[in-house]
Amino acid sequence: MRRALCHAANWLWYLSTLREAAAFHRSLACVAAIQEQLLLEMLRRNRGTEFGRRCGFAAISSAREYQEAVPLAEYGDFEPYIARIGAGEPNLLTAEPVLLLEPTGGSSGGSKLIPYTAGLKRQFQRGIAPWIADLYRNFPGLLGGESYWSVSPAARQGERTGGGVPVGFEDDSDYAGGVGRLLVRSLQAVPEGVKRIGAMEGFWYATLLFLLRSRHLTLISVWNPTFLTILCGHLERWWPQLTDDIAAGTLTPPLPLDPALARQLGQYNRPDPERAREIRAVCSRGGDQAARHRELWPRLRLISSWCDGAAGEQAEELRRLFPQAELQGKGLLATEGFVTFPLAGVDGCLPALRSHFLEFLPRDGGEALLLHQLEAGRSYALVITTAGGLYRYRLHDLVRVTGFRNGVPLFRFVGKEEHISDRFGEKLHEGHVHGVLRRAAARSGLSPRFAMLAFEERPRSAYVFFVEEPGADDNRLARLGTEIDELLRENFHYHYCRDLGQLAPVRVFRIARDGREDYLRACCSHGQRLGDVKPLALHRRSGWSEVFRGRMLS
């Protein structure tokens, strides 16, 4: 019965995406015109707002005039407006009312509130539709099963601003909107109530329990590939208790649940002794993790996850752990906007050109360019204009043009533009550090489970290499730290700071266990949503030696 319902819901969702998917593919033949039309319509709708009057939206008739009239902006430029929106003032950035303020911390912390209007939600849905249509068309096995769309633990349940504006979506499926939201929820293997579990270990336990219950899991969509590798690690230690819970229809995570929440989740966890026997038979044999996952979820066809930048190595681990599924890299989707999405068999991601007005700042300097003006092989920083009231907003995401499809640029995410650590003028950049860590590990013949560089002030100012690598002794890891220090000296500014004695040589902190999980927990404790936490080779926050379990090597 459950499989028949999922089959119907999947088909309905697929059919609901076809009209927008067709409109997107038609738009590929007239990129410049579609983008300018989209921009001018947003300006027309918002010309009477306080921001629109200040910038003269009513007099703008082209993309070039818009670029001349409106300056590039950061979040801080909109923050005073957003504070007033939170206080209840209308017609500031958008003529449409603000439905909610969605919190985001980016990938390294901070706190921002992004205004969401009905128009912005429609723009997201315009990007989601052609991606979902392509998934169903190229992976027909998805039509017959359940899905898991990553749920982030809710940090702000029921919160509102002083002016009564809701803070945060009720559920991640709200991005799909309307019919899509209802269908996503009906297909979910893990009920949305799991996000209300406050303790992280309880959240992991319940998520794993409901995934194990699913005999017909066909799709997993997560942001950080580490999310799944952590779940796999918990399966190793928790499977006996999980199978008992599935057999009995109980839910007994490491820490007790709120009774009301336990009752709510209990309706999705009816006793299933047959499934429990299947899980117990598979897990009790031990052996290879990949073979175990293939037996537990034989119908799993696709995993969607970040695969670019520092997430690349962890994505390769997912390929090893789930050989029955294809791994598809996500496009660039930020809380502020839906920018690119992947298509099956295409090397790179297409721009969601019917969603937002896009501009591109050449990494080596120069004026902002439009989609039809880009060159293959070059990198650009993204600027977006959305129906949510962000105008010429710098996302600080870097993308590279990998090629063209029917004349339309294809993109790959490179990293965050602002991820630079600069305590003494050393100007270490995330992209450079990522390459250094990869080269140093390759030369040493090591494949760390977790690796990250961060600045520590004590006992001497230095960068610390935090590494989890059970297969190497202390001496080998210490040599790896020396190798990293030498490679970092390729950066003139770092080399100079080292010579001046402003920075001591790279030190090594050996993580004893669970580095990825502790990293996620620490980022969430600083206000980030689980879905916002990106793997980073270089983190600008200090104090990680107090987070990870392990020791500093002498």
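The values are calculated or read from the model by the stated rules, or taken from the named source; none is laboratory data. Keep in mind it's a predicted model, so treat the numbers as computed, not measured. Because the Cβ atoms are built from the backbone with ideal geometry, glycine has one as well, and the counts that use them run over all protein chains shown.
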Filtering region 190-228 down to residues that are aliphatic (A, V, I, L, M) and within 21 Å of THR335 (Cα to Cα) yields ILE220, VAL222
Report whether or not LEU300 is assigned to a strand (DSSP E or B) and modelled with pLDDT of 95 or more.
no
When region 410-453 is checked residue by residue, the ones that are closer than 17 Å to ALA315 by Cβ and polar (S, T, N, Q) are SER447
Please list, ordered by residue number, the helices (runs of 4 or more DSSP H) wholly in region 211-296 having 3 or more residues that are more than 28 Å from the chain's Cα centre (by Cα).
225-248, 259-266, 273-284
So which residues in region 1-44 are more than 20 Å from LEU142 (Cβ to Cβ) and outside any helix (DSSP H, G or I)?
LEU28, ALA29, CYS30
Evaluate the following for ARG354: is it within 23 Å of the chain's Cα centre (by Cα) and outside any loop (DSSP other than H, G, I, E, B)?
no
Within region 52-153, helices (runs of 4 or more DSSP H) holding 2 or more residues that are aromatic (Phe, Trp, Tyr):
75-86, 118-138
Please pick out the residue among GLY431, GLY425 that is modelled with pLDDT under 90 and in a helix (DSSP H, G or I).
GLY431
